[in-house]
Amino acid sequence: MILGENILLALQSLRANPLRSFLTLVGIAVGIGAVLYVVVLGQITEKRIKQRLESLGSNVLLIRPGYSRMRGVRTGESVVNLKWSDAREIVSTSEVIAETVPTYTAPGVAQYKDQSWNTRITGTVPAYEAVNNDRPIEGHFFTQEETNQRARVCVLGATVHEKLFGNASPIGEPLTIKSKRYTVVGLLGAKGESWWNPDDQIFIPLTTAQERLFGVDHLSTILAQMRSSRDYDEALFDIETILRRNHRLQADQDNDFRVRRQDLYLATVQETTKEIANFVILIALVSLMVGGIGIANVMLVSVTERIREIGVRRAIGAKKIHVLLQFLIEAMVLGLLGGVLGLAAGLVFIRVMTGEALILPWNWIGYSFAICAGIGVAAGLYPALRAANRNVIEALRYE
Amino acid sequence: MLIEMQQVEKVYRLGKIDVPALCGIDLQIEANEYVAVMGPSGSGKSTLMNIVGCLDSPTAGRYLLDGENVSHLSDNQLSEIRSRKIGFVFQTFNLMPRATALRNVELPLIYAGVPSGRRRQLAVQALEKVGLSDRIKHKPSELSGGQRQRVAIARALVTEPALILADEPTGNLDSTTGQEIMEILSALHRAGNTVILVTHEKELAAQTGRTIGLRDGRIETQEEAAQSAAAEQAGSIGLTPR
């Protein structure tokens, strides 16, 4: 029998029990939607990390405080030993470090007119702009002079801008942080969210942050830019030597700071993202399996309901293979419809959650359809075989 | 000779006991005969009709249908024979509830592998023959009992089978509608078809050419009937011989 006839027949029979068919589809749809979502999210994250890597370059080291220890037990990242002087000494002493960028970051609330936004305030120095390759798309980064004057000026990340100003230009506008007015001098371009949102922060001069806003004298991080990525070992040695001496560490004491290569760190993030994605895909596969069991169940019911019909079809000339195909194709159509539903839901979800222009992972869409058809066939096989192998006479007599 | 049975036996196995349903049936039916089969329940009537209709194979004996030995065919081959040579009309109509009259009549042609254009044409013709050309788009639920049975008859004759097997076709209908169906069957016979009618009503059997009485798995009586009344009525339906 022609394939088209069977597909028509399958759709007809699914339409006869719309709710039952829909509920069966959902199992498959959830699985496929989840797979698609994770795959696309993985692709988006990877793309953004690549962009970050390209903008960061491979020659930036990130120095952070070490973990504080109580009798050898790690208790948290509360060490306050990184100082601006450390940063200055590293760049002036080491021949392989071209620049250091000290930063201090703390949470804070920014207000503009009646809008307020809970964000992170990062105090840093003008060199931040060059080392991170993060240039304002409007206005300018604050200057050395503004830093020296502990000026109340700020540069906005894209998210902060959007939350407080919408589409309006923020340059020259007053922003209130801890009831003090700051003038917006620059706006950074959106870098996009990955494992955290770098667009959700406000940059102010480090002097202003430490002395006027937060009243601290330590740093959160120091970025150290090497002259060349080949100098890694030497740079690491220099940083360790200087910091250990400044922090008066004895030979038997561990470092109270951590040094990380940004590119390697991002690579680790990428790895982790992939691992998480694989795990979620595994869960989604379980959901697909459950969906398949749902299809098998519904097909068994459907076969039982239609025993008489099977008998009639056989009596008027249908061969076993015709009946087998009829139910197999019905199961497959059920699976494929679930796939279509899942893909549509997944794509909408991605659009809503990430706001990204859609990257359609065609290969995954292809796999999804193959998987759905496969599940349909696997789930439908046993019910279809039962239908085909029914005794014709008994089937005709079935009430 | 359309149907030739020699010493056909059918034994069912219930657990460890063999239950004979047919014990040595000898039966001949010519092409273009109109035959009624009667018998009380348990007489082997259904078993015989299952074998005649190629739904089942005999345990022993020989069954030639249209010159072809169909006593020991595989399931697939039996399906093939049913598709080409036999048209079934059931007591409960057994139409596909979600399909239109036209689709119902097309169904056997789909299994016979007839291309869709030709299929439609043949189905429309068959529906015309049973007087339902104005109901082809209706679903069974939108038709009366008599109309449903006429759709079922159209479905049985659309493949131009050698044999139309009607199993109590009027059993679910009131007597007036039942008589209409009987007239259609007579007309089909007049038009050249071979019809076997399974019934338990003597009046209906009387409208056929020959009545075969079954009892305890054997043919007990065979009597020719006066056929004039049936022939008269067949003429009024207006079927042309094929």
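The values are calculated or read from the model by the stated rules, or taken from the named source; none is laboratory data. These numbers come from a predicted model, not from an experiment. When we count neighbours, we look across all protein chains shown, and the Cβ atoms used for this are built from the backbone with ideal geometry, even at glycine. All accessible areas refer to the heavy atoms of the entire protein, side chains included, with ligands and DNA or RNA removed. Shrake-Rupley method; radii C 1.70, N 1.55, O 1.52, S 1.80 Å.
Name the residues in segment B:39-63 that are part of a strand (DSSP E or B) and either within 23 Å of B:Pro108 (Cβ to Cβ) or touching a Lys or Arg at 6+ places or on another chain (Cβ under 9 Å) (or both), would you?
Those that are part of a strand (DSSP E or B) and either within 23 Å of B:Pro108 (Cβ to Cβ) or touching a Lys or Arg at 6+ places or on another chain (Cβ under 9 Å) (or both): B:Ala60, B:Gly61, B:Tyr63.
Could you grab me the full set of residues in segment A:133-150 that are open to solvent by less than 20 Å² (accessible area, probe 1.4 Å) and part of a loop (DSSP other than H, G, I, E, B)?
Answer for segment A:133-150, where residues must be open to solvent by less than 20 Å² (accessible area, probe 1.4 Å) and part of a loop (DSSP other than H, G, I, E, B): A:Asp134, A:Phe141, A:Phe142.
Exactly one condition in (1) over 29 Å from B:Gly42 (Cβ atoms); (2) surrounded by fewer than 19 Cβ atoms within 10 Å (Cβ to Cβ) is false for B:Leu157; which is it?
Every listed condition holds for B:Leu157 apart from (2).
Going through segment B:76-108 one residue at a time, which ones are more than 9 Å from chain A (Cβ to nearest Cβ) and either under 20 Å from B:Lys139 (Cα atoms) or hydroxyl-bearing (Ser, Thr, Tyr) (or both)?
Scanning segment B:76-108 gives B:Val89, B:Gln91, B:Phe93, B:Thr100, B:Ala101, B:Leu102, B:Arg103, B:Asn104, B:Val105, B:Glu106.
Run down B:Val35, B:Val8, B:Val19 and say which single residue is in a strand (DSSP E or B), over 24 Å from A:Arg313 (Cβ atoms) and either within 10 Å of chain A (Cβ to nearest Cβ) or out of contact with any Phe, Trp or Tyr (no Cβ under 8 Å at 6 or more places or on another chain) (or both).
B:Val35
Give the residues of segment A:92-119 that are in contact with a Ser or Thr (Cβ under 8 Å, 6 or more places away or on another chain), surrounded by 19 or more Cβ atoms within 10 Å (Cβ to Cβ) and either within 19 Å of A:Ser228 (Cα to Cα) or not hydroxyl-bearing (Ser, Thr, Tyr) (or both), sorted by residue number.
Within segment A:92-119, A:Val96, A:Val101, A:Pro102, A:Gly108, A:Ala110 qualify.
Look at segment A:324-333 and say how many of its residues are open to solvent by less than 10 Å² (accessible area, probe 1.4 Å) and either within 14 Å of another protein chain (Cβ to nearest Cβ) or modelled with pLDDT under 90 (or both).
Going through segment A:324-333 one residue at a time, the tally reaches 2.
State all residues of segment B:64-82 that are polar (S, T, N, Q), part of a helix (DSSP H, G or I) and open to solvent by less than 10 Å² (accessible area, probe 1.4 Å); if no residue qualifies, say none.
Answer for segment B:64-82, where residues must be polar (S, T, N, Q), part of a helix (DSSP H, G or I) and open to solvent by less than 10 Å² (accessible area, probe 1.4 Å): just B:Ser79.
Find the residue count for segment B:94-106, including only residues that are surrounded by fewer than 24 Cβ atoms within 10 Å (Cβ to Cβ) and part of a loop (DSSP other than H, G, I, E, B).
Qualifying residue count, segment B:94-106: 6.
Filter segment A:266-323 for residues that are away from chain B (no Cβ under 11 Å), within 30 Å of B:Val89 (Cα to Cα), open to solvent by 40 Å² or more (accessible area, probe 1.4 Å) and not polar (S, T, N, Q) and give the result.
A:Leu300, A:Val301, A:Glu305
In this structure, does B:Arg150 turn out to be open to solvent by less than 10 Å² (accessible area, probe 1.4 Å), under 20 Å from B:Met96 (Cα atoms), of a type outside the set (A, V, I, L, M) and out of contact with any His (no Cβ under 8 Å at 6 or more places or on another chain)? Steps first, answer last, please.
Working: open to solvent by less than 10 Å² (accessible area, probe 1.4 Å): no; under 20 Å from B:Met96 (Cα atoms): yes; of a type outside the set (A, V, I, L, M): yes; out of contact with any His (no Cβ under 8 Å at 6 or more places or on another chain): yes.
Here the answer is no, as B:Arg150 does not meet what is asked.
Could you pull out the residue among A:Glu356, A:Glu309 that is at pLDDT 90 or above and of a type in the set (Asp, Glu)?
A:Glu309
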